[in-house]
Structures are given as C-alpha cells and as structure tokens.
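These notes are about the structure you will find just below.
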Amino acid sequence: MHDLLTDWYFWIKSLHVVSVIAWMAGLFYLPRLFVYHVEVVETGSKTDKLFQTMERRLLRAIMNPAMIATWVFGLSLVAVPGIVDWSMVWPWVKAASVLAMTWFHMWLARQRKSFVSGTNSISGRQYRMMNEVPTILLLFIVFAVIVKF
C-alpha cells in the first residue's frame, strides 16, 4: 500500500489541492449568501426560496463532496512514508485547523437549516464576521505546510 501511495503521491497531492480550492470557495461564498439572505430577502418570498435552493445546492453539490475529497486525499498524503514528521509543530497546527474548518462547515450546514425553518437569528453583520473564519484558518494551514515550523 505504501508503494502505491508513494507512486501516486503527486496525483494525490494535486487532487488534494483541487479539493481544498473547491471547499474553500464554498466556505467563502455560503456565509456571503447568508448575509444577503438576512439583509435583503423577506422570509417566505420567492426570493427566499431561491436563496434556499442556491444555499442547498452549494452545500450539497460542491462543499460536501469537496470536504470529503479533501479529507480522503489529505489522509492519503499523511499515509505516505516520510511526508509528515509528527515531532514537528506544523502537522498539529494543520490538523487542528482542518478540524476547525470542518466544524465551521458543519456550523454553516446548521445555519442553512435555520433559514429553511424560518428560525435564523443571526444578523448580516455576524455572518460577515463569521466569513473571516475560513480565511484565518487558511492562513494557519498554508503557513504551517509551507514554512513547516
């Protein structure tokens, strides 16, 4: 199995990067949709239903598969011999950040359900602030992986 992972290392790494880009695009966009949904759209209107459809499709068709692929390819990379030195700090920072990113993804999914049920209680300003979470986590991940501190 290790030989297979080593032989396919660059393909796995490429697929991991593509998956991360797709996941991040959704993590940046969905909270932005929530901002407009809260600030502009009247609950129960046709536009409300349109936003709900866009949010559901973004989450289910792009974000969920991209998150799963990111995890699968990322864990495959971790399994390649000699790639990760767990005695260093960087893999732990990356792992904690990816777990936090996954939590944020799940939080967004719960918020989407609050729009569907008409019980959203978060303001546009709060969604704008939450929109910064994936950026901060992305910075931790990129600097941890590239600088390897």
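None of the figures in this text is laboratory data; all of them are computed from the coordinates on show. These numbers were taken from a predicted model, which means no experiment stands behind them. Cβ atoms come from the backbone with ideal geometry, glycine included; neighbour counts cover every protein chain shown.
Could you please give the count of residues in the range 102-149 that are touching a residue at least 60 places away in the same chain (Cβ under 8 Å), more than 24 Å from Ala22 (Cβ to Cβ) and not charged (D, E, K, R)? So the answer is 6. Of the listed requirements (1) touching a Leu at 6+ places or on another chain (Cβ under 6 Å); (2) under 25 Å from Glu42 (Cα atoms), Tyr127 misses just one: (1). Looking only at the range 102-124, decide whether some residue is part of a loop (DSSP other than H, G, I, E, B) and more than 28 Å from Thr53 (Cβ to Cβ). Checking the range 102-124: not a single residue is part of a loop (DSSP other than H, G, I, E, B) and more than 28 Å from Thr53 (Cβ to Cβ). For the range 100-121, the candidate set comprises residues that are among the hydrophobic types (A, V, I, L, M, F, W, C) and farther than 14 Å from Met63 by Cα; within that set, the residue that is surrounded by the most Cβ atoms within 10 Å (Cβ to Cβ) is Phe115. Would you confirm whether or not the range 81-96 contains a residue that is surrounded by 13 or more Cβ atoms within 10 Å (Cβ to Cβ) and outside any helix (DSSP H, G or I)? Checked the range 81-96: at least one residue is surrounded by 13 or more Cβ atoms within 10 Å (Cβ to Cβ) and outside any helix (DSSP H, G or I).
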